[in-house]
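**Student:** Got a structure here, written out as structure tokens. Questions coming.
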């Protein structure tokens, strides 16, 4: 009996996402697993059969272990079935956001060496526009003669589960490779958050955003249920979905969290677990949330994509909202976190240091980027005779007097815009190829989700008549909207420091008196006034540029991107 128990424990420790899901299917085949936004309900059994057929279809096409399979689809039960089917075939899924410009989507697909991409109608149109001709587009249909049973394939918790691409300072996005054990450590047998078969999650994040990992696998590996939100719901529709499906667990990036707390705080009244993060938490909006959560809790979360979504968390108390900042807390399960000084020695007092993360959620590294892997994934002696592989986040933190970690800032120029990481250098490199521009510098302005925006200073070379609209149009062909600056200023030359580097402090000072939405004249009509207010609440600062003749509505929409973009992938409907 003792030997059998040891084998059972060893088997559990080597489980994959599909192993844990199939165990739930055996326990509750008829329980609801996924709801579409239209109310269509897929049971665990139905989802499992669909995924099994997807897996056999891929195997029939010759897919091998750890091949990369793209997914360019809207949120739906079929999309989740496709993800599960890819994993059951021992392949890895590569999310391709419908909102990505064609050039960027094509780069990711080619960089990851994707051979097949699952698409729906919208995804198929996107691939045609992106001129992705050498990759086979597959619709998520399942042939009747394919087996209903799961493929019998050897698998390991260290199998590659997905590759998630984020902004890269070298000018190209980089793909973090995440294994099954990283997902399981986040949502199975955890202490940092209680999961149960009564949970109902609202999947509201874009598939390419690492938070979708939590929203999808959190409920499905614990017997709960996922509700897939439509691509561009209004705040009213979000409130309706929360009420209609009795959602218990909700993740909101800091920007969307702030908007919801300003506009519809009563929407969260029945939520049990409200999680936020992706940027600095607002104490004022956290206080509003605590006032409206009847029996629920508010959790502030922190973590890079390279460590499977979350590395630390903190349950927010009323007293936290009376402080200048809310802690990012303590490590989640199986995720050691270290604060190191410049000599890579642990800090145990109140000094500021760089945050390093590790554990079972740690990425294998970046796909096909050995030099970057050497720089970012390092081996550190955290205590005598104990060396761990850690990821250096580039984030600065310190411990408060309660021993909780607080976020302080960045060691470099990386920014968080609407929950997404942005490397300004990547945008600058793209601008260096624009005809008519001699040089450009991109940097962030603002310290909170409400005020943060991208600014661009540029110098013309005299060969073309460059306008801010022209720069925006150029960048929109290469980047998603959240990576397109909202504020522009033309200079005769970029300021330089004594090391002949662009002096970003001087640039930041140039925008000290920039007009914001509060400074613009209030529109005379009620509709315009309401729109301006909503955009300001969404954390978007509306600024004037050299084009003084533009009317306020044109200026507003030309200079801003939807506060919902990071989650929904499109602008909100009116």
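The values are calculated or read from the model by the stated rules, or taken from the named source; none is laboratory data. In this text, all values refer to a predicted model and were calculated from it rather than measured experimentally. Neighbour counts run over all protein chains shown; Cβ positions are idealised from the backbone, glycine included.
**Student:** Exactly one condition in (1) surrounded by fewer than 21 Cβ atoms within 10 Å (Cβ to Cβ); (2) more than 20 Å from the chain's Cα centre (by Cα) is not met by residue 107; state its number.
**Tutor:** Of the numbered conditions (1) surrounded by fewer than 21 Cβ atoms within 10 Å (Cβ to Cβ); (2) more than 20 Å from the chain's Cα centre (by Cα), the odd one out for residue 107 is (2).
**Student:** Right, something else. Can you name the residue in the stretch 118-149 that is under 30 Å from residue 26 (Cα atoms) and in contact with a strand residue (DSSP E or B) (Cβ under 7 Å, 6 or more places away or on another chain) and, of all such residues, is surrounded by the most Cβ atoms within 10 Å (Cβ to Cβ)? Even if it seems obvious, please write down each step before you answer.
**Tutor:** Initially, the stretch 118-149 is screened for residues under 30 Å from residue 26 (Cα atoms), giving 118-120, 138-149.
Subset that is in contact with a strand residue (DSSP E or B) (Cβ under 7 Å, 6 or more places away or on another chain): 118-119, 138-140.
On the way: 118: 27, 119: 23, 138: 19, 139: 12, 140: 21.
If we take residues in the stretch 118-149 being under 30 Å from residue 26 (Cα atoms) and in contact with a strand residue (DSSP E or B) (Cβ under 7 Å, 6 or more places away or on another chain), then 118 is surrounded by the most Cβ atoms within 10 Å (Cβ to Cβ).
**Student:** Sort through 152, 262 and tell me the only one that's over 18 Å from the mean Cα position of the chain (by Cα) and either crowded, with 24+ Cβ neighbours inside 10 Å or in a helix (DSSP H, G or I) (or both). Spell out the reasoning first.
**Tutor:** Numbers: 152 fails: either crowded, with 24+ Cβ neighbours inside 10 Å or in a helix (DSSP H, G or I) (or both).
Only one candidate passes the filter, namely 262.
**Student:** Which condition number does residue 288 fail, the rest of (1) surrounded by 24 or more Cβ atoms within 10 Å (Cβ to Cβ); (2) closer than 28 Å to residue 406 by Cα being met?
**Tutor:** In the conditions (1) surrounded by 24 or more Cβ atoms within 10 Å (Cβ to Cβ); (2) closer than 28 Å to residue 406 by Cα, residue 288 misses (1) alone.
**Student:** As an exercise: evaluate residue 351 against (1) part of a loop (DSSP other than H, G, I, E, B); (2) at pLDDT below 95; (3) crowded, with 16+ Cβ neighbours inside 10 Å and give the number of the one condition it does not meet.
**Tutor:** Unmet for residue 351, out of (1) part of a loop (DSSP other than H, G, I, E, B); (2) at pLDDT below 95; (3) crowded, with 16+ Cβ neighbours inside 10 Å: (3).
For every residue, the table says whether it meets (1) within 21 Å of the chain's Cα centre (by Cα); (2) under 30 Å from residue 208 (Cα atoms); (3) not assigned by TED's automatic domain parsing to the domain that holds residue 446.
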| position | (1), (2), (3) |
| --- | --- |
| 336 | no, yes, yes |
| 339 | no, yes, yes |
| 345 | no, no, yes |
| 355 | yes, yes, yes |
| 360 | yes, yes, yes |
| 382 | no, no, yes |
| 386 | no, no, yes |
| 403 | no, no, yes |
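**Student:** Next question, about the same structure. For the stretch 292-316, which positions are in contact with a helix residue (DSSP H, G or I) (Cβ under 8 Å, 6 or more places away or on another chain), more than 24 Å from residue 421 (Cβ to Cβ) and in a loop (DSSP other than H, G, I, E, B)?
**Tutor:** Applying the first criterion (in contact with a helix residue (DSSP H, G or I) (Cβ under 8 Å, 6 or more places away or on another chain)) to the stretch 292-316 yields 292-293, 296, 298, 300, 306-310, 314, 316.
Now narrow it down to the ones that are more than 24 Å from residue 421 (Cβ to Cβ): 292-293, 296.
The answer is 293, 296.
**Student:** Oh, and also: Do we have residue 478 as touching a helix residue (DSSP H, G or I) at 6+ places or on another chain (Cβ under 7 Å) and either at pLDDT below 85 or under 18 Å from residue 167 (Cα atoms) (or both) here? Walk me through it before giving the result.
**Tutor:** Numbers: touching a helix residue (DSSP H, G or I) at 6+ places or on another chain (Cβ under 7 Å): yes; either at pLDDT below 85 or under 18 Å from residue 167 (Cα atoms) (or both): yes.
Yes: the conditions hold for residue 478.
**Student:** Next up: Filter the stretch 206-241 for residues that are touching a strand residue (DSSP E or B) at 6+ places or on another chain (Cβ under 7 Å) and assigned to a loop (DSSP other than H, G, I, E, B) and give the result. If you could, list the steps in order and put the result at the bottom.
**Tutor:** Quick first cut of the stretch 206-241, residues touching a strand residue (DSSP E or B) at 6+ places or on another chain (Cβ under 7 Å) only: 207-208, 210-212, 214-216, 218-220, 224-229, 241.
Result: 207, 208, 210, 224, 229.
**Student:** Of all residues in the stretch 270-291, which are in a helix (DSSP H, G or I), in contact (Cβ under 8 Å) with a residue 40 or more places away in the chain and either in contact with a strand residue (DSSP E or B) (Cβ under 8 Å, 6 or more places away or on another chain) or under 21 Å from residue 206 (Cβ atoms) (or both)?
**Tutor:** Taking the stretch 270-291 as the starting set, the residues that turn out to be in a helix (DSSP H, G or I) are 283-291.
Filter once more, keeping what is in contact (Cβ under 8 Å) with a residue 40 or more places away in the chain: 283, 286.
Passing the criteria: only 286.
**Student:** Further, regarding this structure: (1) out of contact with any strand residue (DSSP E or B) (no Cβ under 7 Å at 6 or more places or on another chain); (2) at pLDDT 90 or above; (3) buried (at least 17 other Cβ atoms within 10 Å of the Cβ): which one isn't true of residue 423, the others all being true?
**Tutor:** (2)
**Student:** Please go through the stretch 223-252 and pick out each residue that is on the phi > 0 side of the Ramachandran plot and either surrounded by fewer than 18 Cβ atoms within 10 Å (Cβ to Cβ) or without any contact (Cβ under 8 Å) to a residue 60 or more places away in the chain (or both).
**Tutor:** Step one: list which residues in the stretch 223-252 are on the phi > 0 side of the Ramachandran plot, which gives 223, 246.
Answer for the stretch 223-252, where residues must be on the phi > 0 side of the Ramachandran plot and either surrounded by fewer than 18 Cβ atoms within 10 Å (Cβ to Cβ) or without any contact (Cβ under 8 Å) to a residue 60 or more places away in the chain (or both): just 246.
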